[in-house]
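Only one structure is covered here, and it is reproduced in the block below.
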Amino acid sequence: MSLDLATRFARDGFAVVPGVLDPVRHIAPVVEERNRVLDRVAARLVAEGLVSSTYDALPFPERLIKLSRECPVDFSLDLDITLTATADGVSDITLGPALLDLLTSERLLDAVEGIVGPEVSSSPIQHFRWKLPRQITESSTNALIMRTPLHQDAAVVLPEADDTPILTVWVPLCDVSQELGPLCVVPGSHRRGLLTHRPRVTGLTVAEEDRPEREPIGVAVRAGDVIFQSRHMVHASLDNVSAGSVRLSLDVRYQPTGLPTGRPFLPPFVARSRSQPHTELRDAAQWSAMWDEARSALRASGFPAGDRWSAVV
Ligand SMILES: O=C(O)CCC(=O)C(=O)O
Ligand SMILES: [Fe+2]
């Protein structure tokens, strides 16, 4: 007898939910939407003399590889789906209806509701990652495009969210084999609660003295599957060791509505409400406007720290 999702999740700290999204209906449109964002980014890179072509005839993964090989600057923040501090202020953000459609898809929210409960908000801590083959990212320190160091998601928020049971949903946008740099997890590691983390150039990572004894294991998944992770799950990702493929993924988060998100300066939205269904957000223009407003406020105020460890060296 197979255990139900909530039982597996409570026992292991993570659970693969197979086939919850439709690759044609939900995933292809998100990839296409990111490719349209890349149109604008590539045109800017050409105008700045950083690349010779927008390579718009290439399929999205090949285009990312071609542009990354040629471009001397990292443009991954321009494709990301959250706001990040940059040297000169705040990153750009372009969201769209395909992403909102995926985040609010019925079957995904049904599964999320089984863990989070009937009042579900989408957390503003959300990323689009495109992990390039290792040989291209040798000099990079950026976990949007290369492997991610060992961490817990509870460590990358402010302490205001310590009691918020944020559920991470890892969404492959292509089939992710062991060689493509899968998410990797240490099953059962969530039982130790929040561990000490240290800032490193590659990102926050579990302190040496708190590292789990077991090595993380890569979780190969197909497009359409998602991986649920507890916020205390210790996880990382492996290098993309493929010859020339890109690992495309989203990591998004859901939490009970009304509890602190851990990033008070970024906008959550109500994804499902059993008690007040009219509060559910389904308008992509409204969603983008919320983020544009947050961006303007951050440009005016400066970007605050997003976690408790950044001051520690
Ligand atoms: O995709 C990755 O490499 C890391 C993802 C991650 O850290 C997360 O889903 O919380
Ligand atoms: Fe994470």
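The values are calculated or read from the model by the stated rules, or taken from the named source; none is laboratory data. Fair warning: this is a prediction, and the values are worked out from it, not measured in the lab. We place every Cβ from the backbone using ideal geometry, glycine too, and count neighbours over all the protein chains shown.
Here are a few things to note about the model shown:
- Within segment 142-168, the residues that satisfy the criterion of being closer than 25 Å to Ile27 by Cβ and away from ligand 2 (no atom under 11 Å from the Cβ) are Asn142, Leu144, Ile145, Met146, Arg147, Leu167.
- Hey, Ala154 out of contact with any strand residue (DSSP E or B) (no Cβ under 7 Å at 6 or more places or on another chain), at pLDDT 95 or above, assigned to a helix (DSSP H, G or I) and within 16 Å of ligand 1 (Cβ to nearest atom) or not: yes
- Val270 within 27 Å of Val24 (Cα to Cα) and touching a residue at least 60 places away in the same chain (Cβ under 8 Å): yes
- Listed by position, the strands (runs of 3 or more DSSP E) contained in segment 202-282 that have at least 1 residues being within 16 Å of ligand 2 (Cβ to nearest atom) are 226-229, 235-237, 247-256.
- In segment 252-269, the residue that is nearest to the chain's Cα centre (by Cα) out of those that are under 22 Å from Leu298 (Cβ atoms) and β-branched (Val, Ile, Thr) is Val252.
- Of the candidates Pro133, Pro159, the single residue that is more than 15 Å from ligand 1 (Cβ to nearest atom), in contact (Cβ under 8 Å) with a residue 24 or more places away in the chain and more than 16 Å from the chain's Cα centre (by Cα) is Pro159.
- Residues in segment 226-254 that are more than 10 Å from ligand 1 (Cβ to nearest atom) and closer than 19 Å to Arg214 by Cβ: 3 in all.
- Against the numbered list (1) at pLDDT 95 or above; (2) surrounded by fewer than 15 Cβ atoms within 10 Å (Cβ to Cβ); (3) under 30 Å from Phe265 (Cβ atoms), Gly49 comes up short only at (3).
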